[in-house]
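Q: Structure incoming, see below.
The values are calculated or read from the model by the stated rules, or taken from the named source; none is laboratory data. If you're wondering where the values come from, they're calculated on a predicted model, not measured in any experiment. With ideal geometry, Cβ positions are generated from the backbone for all residues, glycine too; neighbour counts draw on all protein chains shown. Accessible surface areas use protein heavy atoms only, side chains included; no ligands, DNA or RNA. Shrake-Rupley method; radii C 1.70, N 1.55, O 1.52, S 1.80 Å.
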Amino acid sequence: MAKVVVLYGSSRTTSNTELLTKKAIAGLDAKEIYLRDFTVKPIVDGRHTEHGFDEVDDDYDTIIKQVEQSDIILFSTPIYWYSMSGLMKNFIDRWSQTLRDPKFPDFKKNMSGKKAYVLAVGGDEPHMKGLAMIDQFRWIFQFVGMSFAGYIIGEGNKPEDILQDEMALLSAKKLNKELKAIKAAY
């Protein structure tokens, strides 16, 4: 069976993005990781220093190990200022360090071949203004060799607004069927 990991990037509990993502993973055995519940320090770029990156005392390694062990990753983020949340961006920024970390010698190889999905919700014309963020994810996934399998953009601002976005809910239901079929095929 395929292992599914969900990375939630919202700082709010029961956010619109979380509600949408829960519809997409309903009935699936998925590892849910709420980035807000962990400490992931910002990257201190050591790529061009003699000693490289310094060891960081936070929860990042615990999370990235679970991500490496997955087959399918759902990146669930609100759209903040036309991009992913700071929590999500901070986590992905640390991949630069992981690419050079001897504890993760095969990081890029381990990430290649994984399927990636993005689920995002925003309140200011997200179907148009969220597309730059989708492209950002596309380039990230391409860089590490992940397969960008799809995305859902929903509209919502106040709590539970997403429950009024019938197209996003229908897309989440379709993704749920797709994920169940993928898991069954493994």
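Q: The conditions are (1) touching a strand residue (DSSP E or B) at 6+ places or on another chain (Cβ under 9 Å); (2) of a type outside the set (Asp, Glu); (3) modelled with pLDDT under 95, and Pro102 fails exactly one of them. Which is it?
A: The single condition Pro102 does not satisfy is (1).
Let's see how each residue does on (1) open to solvent by less than 60 Å² (accessible area, probe 1.4 Å); (2) outside any helix (DSSP H, G or I); (3) at pLDDT below 95:
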position	(1), (2), (3)
Ile162	yes, no, no
Ala168	yes, no, no
Lys180	no, no, no
Lys183	yes, no, yes
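Q: Scan segment 125-153 and report the pairs whose first residue is touching a residue at least 40 places away in the same chain (Cβ under 8 Å) and within 18 Å of Ile92 (Cβ to Cβ) and whose second residue is polar (S, T, N, Q) and assigned to a loop (DSSP other than H, G, I, E, B), with Cβ atoms within less than 9 Å and a gap of 6+ or a chain change.
A: The qualifying pairs are Val144/Ser112; Met146/Ser112.
Q: Which pairs do you get when a residue that is over 16 Å from Phe91 (Cα atoms), found in segment 48-63, comes within reach of a residue that is among the hydrophobic types (A, V, I, L, M, F, W, C), reach meaning Cβ atoms under 6 angstrom, with the pair 6+ apart or on two chains?
A: Hits for this filter: zero, empty list.
Q: Here is a further query. Hey, could you check segment 123-162 for residues that are charged (D, E, K, R) and under 15 Å from the mean Cα position of the chain (by Cα) and say which is farthest from Phe75 (Cα to Cα)?
A: Asp135
Q: Follow-up. Looking at segment 12-50, which of its residues are of a type outside the set (S, T, N, Q), out of contact with any Ser or Thr (no Cβ under 8 Å at 6 or more places or on another chain) and part of a loop (DSSP other than H, G, I, E, B)?
A: Answer for segment 12-50, where residues must be of a type outside the set (S, T, N, Q), out of contact with any Ser or Thr (no Cβ under 8 Å at 6 or more places or on another chain) and part of a loop (DSSP other than H, G, I, E, B): Arg12, Ala26, Gly27, Leu28, Asp29, Val40, Lys41, Pro42, Val44, Gly46, His48, Glu50.
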